[in-house]
Amino acid sequence: MFENLQDKLQRAFKNLRGQGTLTEENIGEALRELRLALLEADVNFKVVKELIDHIREKALGQEVMTALSPADQVVKIVRDELVAILGKDTAKLKFGTPPTVVLMAGLQGSGKTTTSGKLASWLKKGGHRPLLVSVDVYRPAAREQLKVVAQAIGAAIYEGKVEEANTARGGSEALPPLTKEVERLAREARREAVNSGCDVLIVDTAGRLHIDDQLMEEMQSLKKLLNPQEILFVADAMTGQDAVNSADEFHKKLALTGVVLTKMDGDARGGAALSIRNVTGQPIKFIGVGEKYDALEPFHPDRIVGRILGMGDILSLIEKAEEKIDKKKSEDFAKKVLAGDGFSLDDFREQLRQVKKLGSLSSIVKMMPSVGPFAGMQKVADNFDDKELVRVEAIINSMTDHERGHHEVINGSRRKRIARGSGTSVQEVNQLLRQYAQMKKMFKSMGRGKLDRRFAGFKMPGM
Amino acid sequence: MIQTLFGSTEVKPTFLDRMKEAVTRTRESLGERIDEIASWNKQIDRNTLDELEATLLASDLGSATTGQVLGNLREKADHKQIGNVGELKRLLKEELLAILKSAERPAKRVEGPEVILVVGVNGTGKTTTIGKLAHTLRAQGKTVLLAAADTFRAAAIEQLEVWGDRTGAEVIKTKPGGDPSAVLFDALQAASARKTDYVIVDTAGRLHTKTNLMSELEKMTRTAQRVVPGAPHEVLLVMDATTGQNGLQQARLFTQSAGVTGIVLTKLDGTAKGGVVVAISRELGLPVRYVGVGEKQGDLLPFNAQDFVDSLFA
């Protein structure tokens, strides 16, 4: 559904050949396309305007390079500009004298509780001893939720006691904030962290609107009480133009130290990242990429730039592919599969071998745009575990030639034999056959023209 | 039909009152307000259109819808020889209103329990919306059954139970991790046997890009049909007003899998305007049914297109 920005720019520049420099006139259309792309990605319109002005300034008067097409040249300027805003390096979590306090803040439903759990799990893996506490006495069952999360990841939690029935929001009357209760819980939790030798205290708070003065004051008093090393603003990657308002207000009231962008496993382009970074100046430290508790990753600025522009990190992927992949083989493959000649298990194995040369499957998928024709591939890849590749190859190796060409003949007893031969289980064989069938279906639909010529020209082998 | 039922509720502050209250809380400075009034008689110039474009973009209408609306506006303004900003704004509001109105659908009549399936991505406020909806229906003397089919998120069932207690609606549930379709099945059977007026089904939040979770929704709608013919009668997509252009894709894919019949726009008491619903109405023809404007149980209101459009320019 989104046309690749680069293609659009390419078109905008098709009349530019033979001109010596980039001028106001000849980059006009390109900048309009860029503006639309950024707006579609939910970058705040004021930020977009600033950016475009800045990029125009930079681009004007540049000589048209011979090595790069004018489109590539502008894309490069844009990328550099966006990366400059987001910061080049991955930001780290700050630690102080134990217990380090991490205060989670954000609007309702941004994912604070889930992120608190993921962060605890991440810290545990890094050798820390985190203690969780929820001071959300307002949302029904919020504290219960964090307790379940803590149990699931095996992290310590301070539960404390609150008369929830009298406090939860959602009654017929608006209730005054329960700052005293909240502060008491926070104080008790910190004491518990000290007593039990936990070195990080993660404080999950109630979601609140940035314009709710009373609850924002509560947040300020929590900050004063706990003196946290980190105040993380948890924001939904799907947020639109309003991201600047909420982030700005939270930052003014609390002096945020970082941002966590959640729900990045969807297909939102994540332009809010630029907006939030622009108004707060604080780095995005983590992104949430799934519902499992280990689905939290440090943030890489360069990666999201490609995503916002709808391009993925496809340039470096192509470079890598050109280096490592047998061109002839992959061209044959593309021709064969896209012509609708079917996709055998032999082809599957060949693709696996080629792909292994590129590195881990998840790292490849991450370089791809998450929208457009590539969305389907990400789904297939989502169900894939990298460690499986070796075993998958073993399973295919254990099949006969006939079986590789005609997977439908593989019945129960053949499955048992294949499992024995490859040192795997029947379940794994079944799983592979299912995945294979899925891919076969996908290639079939590609051949029918669901995938546009861009992909065909791209000659990525398989995955 | 739930829409029509709202007619009989006691007269409370109107949608516009609530919106105004919400807007005042955004603490828009008085100065801006005065500028607004002063602009009423200003002549139209290039800046006027830029400002209107900025207003629409800032409300998350998206560049495509904004472009189309402003294009139409320009044409009409030329045609009618509109001279001042006030008239132009009124014309713009008409344009937006026409889009929202074109998506509105008449209410269906339902025999037996009316089944309302509530879906959406994570954290949009599905459970809270269900609580408020149950409250409204209970206040009208209707019997309501809540199906806790979010068996995935930690403590989702407990959260719904709190709302069940508050509103006097029974909650049908299973253990965490159970099969959502099984809960739905039980709830619908219970409702049919007891002749309950409404069954509201809470589902786990899911990103529309997760194919397996989306097919779980397909299965749930099939299950509903098997027990109660014609069910689910309403499929409400709960969308957070802060959502940007991804809202379109959400609406598109949830409609594909679950047959969405309407949108509930939540968290309108913040500063976000929720303009993506205009784009959704325009491109997908989906109506907005309700808006959430606060955390109290009465803070769910039937959607009023006129008031909504006014709030974009407030």
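Where a number appears in this text, it was derived from the coordinates with a stated rule and is not lab data. Just so it is clear, the model here is predicted, and its values are computed rather than measured. Methodologically, a virtual Cβ is constructed for each residue, glycine included, from the backbone with ideal geometry; neighbour enumeration extends over all protein chains shown.
Shape of region A:161-268 from its Cα gyration tensor (a ≥ b ≥ c, root eigenvalues): rounded if a/c is under 1.5, otherwise prolate when a/b > b/c, or oblate? Taking the square roots of the gyration eigenvalues as a ≥ b ≥ c, region A:161-268 is oblate. Among A:Arg139, A:Arg129, the order by Cβ neighbours within 10 angstrom, fewest to most, reads A:Arg129, A:Arg139. Per residue, chain B reaches -16500 deg cm²/dmol at 222 nm when only DSSP H runs of four or more residues are counted, each adding -39500 (n - 2.57). Amide H contacts under 5 Å for A:Arg139: A:Arg169, restricted to partners 5 or more places along the chain or on a different chain, H placed in the peptide plane at 1.01 Å from N.
Note on A:230-240: average number of Cβ atoms from other chains within 10 Å of each residue's Cβ is 5.
Taking other C-beta atoms within 10 angstrom as a stand-in for reagent exposure, B:Asp186, A:Asp204, B:Asp197 fall in the order B:Asp186, B:Asp197, A:Asp204, fewest first.
Give me Rg/Rg_expected for chain B, where Rg uses Cα atoms only and Rg_expected = 2.2 N^0.38 Å with N residues.
1.06
Listed cross-link partners A:Lys94/A:Lys118; A:Lys336/A:Lys440; A:Lys94/A:Lys285; A:Lys92/A:Lys252; A:Lys223/B:Lys273 are compared with a 20 Å cut-off, the Cα-Cα value being larger for A:Lys92/A:Lys252; A:Lys223/B:Lys273. Inter-chain Cβ neighbour count for B:149-160, averaged per residue, equals 5 (cutoff 10 Å, partner chain atoms only). The GluC sites (Glu not before Pro) of region B:193-241 include none that meets both criteria, a DSSP state outside H, G, I, E and B (loop) and at most 10 other C-beta atoms within 10 angstrom of the site's C-beta.
Taking a sphere under 15 Å around the Cβ of A:Val279 and counting the other residues whose Cβ falls inside, with K and R at +1 and D and E at -1, yields a net charge of 0. Relative to the longest principal axis of the Cα atoms of chain B, the long axis of helix B:246-258 makes an angle of roughly 30 degrees. Residue exposure proxy: A:Phe443, B:Phe254, ordered by other Cβ atoms within 10 angstrom of their Cβ from fewest to most, comes out as A:Phe443, B:Phe254.
Computed 3J(HN,Hα) for region A:422-428, one whole-Hz value per residue from the Karplus formula 6.51 cos²θ - 1.76 cosθ + 1.60 where θ = phi - 60°, is 9, x, 10, 10, 4, 4, 5, glycine and proline marked x.
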